Amino acid sequence: MTGRQRPAARGANRPGPSRRALFTTSLGVLAGAAVGVGVTTIGGDAERPTPERVTTTAAVHGVTQAGIDRPGTPQSFGLFQVADIEHPGDVGFLGDLGRRIAALIADPPPDLLPDGPRGLTVTIGLGPRVIRTLGPRLPGAQALPAFQGDDQIPAAASGGDLLVTCCADDPSILPAVVDDLLSHIPMAARRWSQFGYRGPGTGTIARNPLGFLDGISVPHTSDEYARNVWLDGPLTGATICVVRRLRLKIADFAALPTERREQIIGRRLDGVPLSGGKPDDEVNLNAKHPDGTYLIPIDAHVRAASPLRTGSHHMLRRSYSFDNGTGDAGLLFSSYQRDLRTFTITQQQLDQGDHLMRFAVPTGSATFLILPGYTPTAALGSTLPAPA
């Protein structure tokens, strides 16, 4: 790691990605498309500067944590770090952790954030083993069931007690921020992590590694968030997060004709559903060709994943692409929902009838209760009950 070394978390047994690793692997995939001023050649014209992305910092304090509904457009880079806690019933570190997060953004230390926070958000979640110590009936106490292919996931990349998600418009700060935060958690041991990046987009919509627009069908308004994402009651402002790392068979998918790829997805490359309309129009699962066949094939991804079919809530998706080299590239899927059933029933439908699943191999999986937001007078984790 270049520059000043950050202290490792006590008890850490798995090194996180270094800044050098991030730049030599994942950033190489971006091929100069990272944030900041760059150059582009259009139609053979001379190189001309591209506009710099405007970086804003989301408020740390609030009813909900930053990094879920704010900023509205996810940052270009993310680092998801999963860790274990030696004593899952001891979450007394949360208050100090929240204060450290707020301090990093309000008064960035020059050695850690020399150019300021660069849109940094930090989102903290607790895994099922920790939640069960606080109450077996609490939201988030339930672990994910096994899905198709999950038996191939290494044990070290499945589950975990703590999620630290750091997102920003500057990838170079993310490893050091994670190191700093883990140093504030007694006896935290790294379990698995993944760096990711997003292409340009507005709101949650961006192209996934297969070249299709993702994040179209999600909650948008505050009412939709209340119905689909946020918990209420004692844990108002909390949500259930699912993280799935999916290695994608990108070359195999790309080798298919465009029309076939669109049929597998259920949308055109421009995002328009095969049932017609505009990209953000509701998919019409009943629309048919004159010969009686469905415009959206029976095994299309958008059909299998549609809440109209699953009878579930909508998920908020803020996923990232990744490329670890040597063919290990794909999608770091992350979704937020008010109940775990929303994800589990959807994934079960995908396993049963989604042709796209033939191009996906799960390599990491976990679920977490994302804690409610916090303020200077109400600490992170202050609304959690005492251990049962």
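Exposed (fewer than 15 other Cβ atoms within 10 Å of the Cβ) and on the phi < 0 side of the Ramachandran plot, is that true of T204?
In short, no.
Need pairs with beta-carbon distance below 6 Å; first residue farther than 19 Å from D339 by Cβ and within segment 132-157, second open to solvent by less than 40 Å² (accessible area, probe 1.4 Å) and small (G, A, S); sequence gap 6+ or separate chains.
T133/G89; I153/S365; A157/G364
With the condition being hydrophobic (A, V, I, L, M, F, W, C) and surrounded by fewer than 21 Cβ atoms within 10 Å (Cβ to Cβ), I'd like the helices (runs of 4 or more DSSP H) fully within segment 215-304 carrying at least 3 qualifying residues.
So the answer is 250-254.
Would you mind stating whether A106 is modelled with pLDDT under 95 and surrounded by fewer than 15 Cβ atoms within 10 Å (Cβ to Cβ)?
For A106, the condition - modelled with pLDDT under 95 and surrounded by fewer than 15 Cβ atoms within 10 Å (Cβ to Cβ) - is not met.
Specify the residue that is farthest from V218 (Cα to Cα); the eligible residues are those in segment 271-281 that are over 23 Å from the mean Cα position of the chain (by Cα) and in contact (Cβ under 8 Å) with a residue 24 or more places away in the chain.
L274
Can you tell me which residue within segment 168-214, out of those that are of a type in the set (G, A, S) and part of a helix (DSSP H, G or I), is nearest to G330 (Cα to Cα)?
Result: S172.
Any idea which of T326, T344 is among the β-branched types (V, I, T), surrounded by fewer than 22 Cβ atoms within 10 Å (Cβ to Cβ) and either assigned to a strand (DSSP E or B) or in contact (Cβ under 8 Å) with a residue 60 or more places away in the chain (or both)?
T344
Of the residues Y336, Y374, which is touching a strand residue (DSSP E or B) at 6+ places or on another chain (Cβ under 8 Å), at pLDDT 95 or above and either open to solvent by 20 Å² or more (accessible area, probe 1.4 Å) or not in a helix (DSSP H, G or I) (or both)?
The conditions single out Y336.
If you check I345 against the conditions, is it out of contact with any strand residue (DSSP E or B) (no Cβ under 8 Å at 6 or more places or on another chain), among the aliphatic types (A, V, I, L, M) and under 18 Å from I240 (Cβ atoms)?
yes
Would you confirm, using the coordinates I've provided, whether S382 is surrounded by 21 or more Cβ atoms within 10 Å (Cβ to Cβ), in contact (Cβ under 8 Å) with a residue 40 or more places away in the chain and among the hydroxyl-bearing types (S, T, Y)?
Here the answer is no, as S382 does not meet what is asked.
Read through the list (1) on the phi > 0 side of the Ramachandran plot; (2) surrounded by 18 or more Cβ atoms within 10 Å (Cβ to Cβ), then give the number of the only condition that G311 fails.
Here G311 meets the rest and fails (2).
Just to be sure before I move on: is P209 at pLDDT 95 or above and more than 30 Å from L384 (Cβ to Cβ) in the structure I sent?
yes
Results for (1) touching a Leu at 6+ places or on another chain (Cβ under 6 Å); (2) farther than 20 Å from G211 by Cβ, shown as yes or no for each residue.
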position	(1), (2)
R244	no, no
K249	no, no
F253	yes, no
E259	no, no
E262	no, no
R267	no, no
V272	no, no
D281	no, yes
N284	no, yes
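Quick check on segment 82-103: of everything there that is within 22 Å of the chain's Cα centre (by Cα) and under 24 Å from A141 (Cβ atoms), which residue is most open to solvent (accessible area, probe 1.4 Å)?
D84
Taking the condition of being open to solvent by 30 Å² or more (accessible area, probe 1.4 Å) and within 24 Å of the chain's Cα centre (by Cα), how many residues in segment 109-121 meet it?
Going through segment 109-121 one residue at a time, the tally reaches 1.
Restricting the first residue to segment 230-253 and requiring it to be hydroxyl-bearing (S, T, Y), which pairs with a second residue that is in a strand (DSSP E or B) meet a Cβ separation below 9 Å and a spacing of at least six or different chains?
T239/G125; T239/L316; T239/Y336; T239/Q337; T239/L369; T239/I370
Of the conditions (1) over 16 Å from V243 (Cα atoms); (2) open to solvent by 40 Å² or more (accessible area, probe 1.4 Å); (3) hydrophobic (A, V, I, L, M, F, W, C); (4) touching a strand residue (DSSP E or B) at 6+ places or on another chain (Cβ under 8 Å), A388 clears all except one; give me its number.
(4)
The values are calculated or read from the model by the stated rules, or taken from the named source; none is laboratory data. Keep in mind that what you see is a predicted model, and the values were worked out from it rather than measured. Cβ coordinates were reconstructed from backbone atoms using ideal geometry, including for glycine residues, and neighbour counts include every protein chain displayed. Heavy atoms of the whole protein, side chains included, go into the accessibility calculation; ligands, DNA and RNA do not. Shrake-Rupley method; radii C 1.70, N 1.55, O 1.52, S 1.80 Å.
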